[in-house]
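Below is one structure, written out as structure tokens; comments come after it.
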Amino acid sequence: VFTQEEALKYRFNPFDVTKVVSQKDFPLHEVGRMVLNRNPENYFAEVEQSAFCPSHMVPGIAPSPDRMLQGRLFSYADTHRHRLGTNYHQIPINRPIHGVNNHQRDGSMAINGNGGSAPNYEPNSYGGPAQNNLAGQTYAANFNVQGEVARHTYELTDDDFVQVGALYNLFSNEQKNRLATTIASGLSQTPVFIQKRQLGHFYRADKDYGRRVEAALKAAGSKI
């Protein structure tokens, strides 16, 4: 967990999906636990028809500026409508535990009674649901967005390899050897100029990383 001020001052953009925020800088906090207490009884009904979407949030939770997440907020639900139909949220595996009271109805494959004979407008004289504006009180706090909109080329910098090297150095000697051997087994089947280009990335992440992969390539018969 970090504040907006800490995010702006961090050594890289914390919402860059190619980076990982170090747990040494910001330790993890347990906020809950998901318990899987049974296996599906019917795979199609409970797995194939399940529909998860990051835009389905409980009050008090809001999306971050992560660009990958921003795209998925609408694309996941759009995919569900295409795959399962407009009323995918009425399928038993996707229904909320507590019923939702609103005037939304119709659409293909409506399976919840579609509101019956009750009017689908408010206010009405038949005790239908009424807007209470509570949702407007549960939005997350505002945050500032800054940056420059432009077209520009992307160039790799040393910062793009720092975390790779850091992860590599968490491995034991045996793990490093297995990693190098595994990489070399596939990489050795490519043209030599591809091998040399890829080795440059490994060396840039960590010199020992590059040396081990190069040695494993030669052991695999590469002419590098």
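The values are calculated or read from the model by the stated rules, or taken from the named source; none is laboratory data. Being a predicted model, the structure only gives us computed values, none of them experimental. Heads up, the Cβs are rebuilt from the backbone with ideal geometry, glycines too, and the neighbour counts pull from every protein chain shown. Ligands, DNA and RNA are stripped out before the accessible areas are found, and what is left, the full protein with its side chains, is counted by its heavy atoms. Shrake-Rupley method; radii C 1.70, N 1.55, O 1.52, S 1.80 Å.
Values computed for the structure shown
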item: Filtered residues of segment 1-17 (kept if part of a loop (DSSP other than H, G, I, E, B), surrounded by 10 or more Cβ atoms within 10 Å (Cβ to Cβ) and not acidic (Asp, Glu)); result: Phe2, Tyr10, Arg11, Phe12, Asn13, Pro14, Phe15, Val17
item: Residue, modelled with the lowest pLDDT, within segment 65-77, restricted to residues that are open to solvent by 80 Å² or more (accessible area, probe 1.4 Å) and among the charged types (D, E, K, R); result: Arg67
item: Out of Gly200, Gly186, sole residue that is over 22 Å from Asp159 (Cα atoms) and part of a helix (DSSP H, G or I); result: Gly186
item: Residue that is assigned to a loop (DSSP other than H, G, I, E, B) and more than 29 Å from Asp16 (Cβ to Cβ), where the choices are Ser125, Ser64; result: Ser125
item: Failed condition for Glu30, given (1) assigned to a loop (DSSP other than H, G, I, E, B); (2) within 18 Å of the chain's Cα centre (by Cα); (3) among the acidic types (Asp, Glu); result: (2)
item: From the options Pro59, Pro40, residue that is more than 27 Å from Val17 (Cβ to Cβ), more than 17 Å from the chain's Cα centre (by Cα), open to solvent by 50 Å² or more (accessible area, probe 1.4 Å) and not charged (D, E, K, R); result: Pro40
item: Of residues in segment 147-174 being aromatic (Phe, Trp, Tyr) and either open to solvent by 80 Å² or more (accessible area, probe 1.4 Å) or under 19 Å from Tyr10 (Cβ atoms) (or both), the one modelled with the lowest pLDDT; result: Tyr154
item: Output for segment 83-109, where each listed residue is open to solvent by less than 50 Å² (accessible area, probe 1.4 Å), under 25 Å from Gly128 (Cβ atoms) and part of a helix (DSSP H, G or I); result: Tyr88, Gln90, Asn94
item: Among (1) modelled with pLDDT under 95; (2) open to solvent by 50 Å² or more (accessible area, probe 1.4 Å), the one test that His80 misses; result: (2)
item: Which listed residue, of Gly200, Gly136, is at pLDDT below 90, open to solvent by less than 100 Å² (accessible area, probe 1.4 Å) and not β-branched (Val, Ile, Thr); result: Gly136
item: Residue satisfying condition, being assigned to a loop (DSSP other than H, G, I, E, B) and either surrounded by 10 or more Cβ atoms within 10 Å (Cβ to Cβ) or of a type in the set (Asp, Glu) (or both), within set Ala45, Ala51; result: Ala51
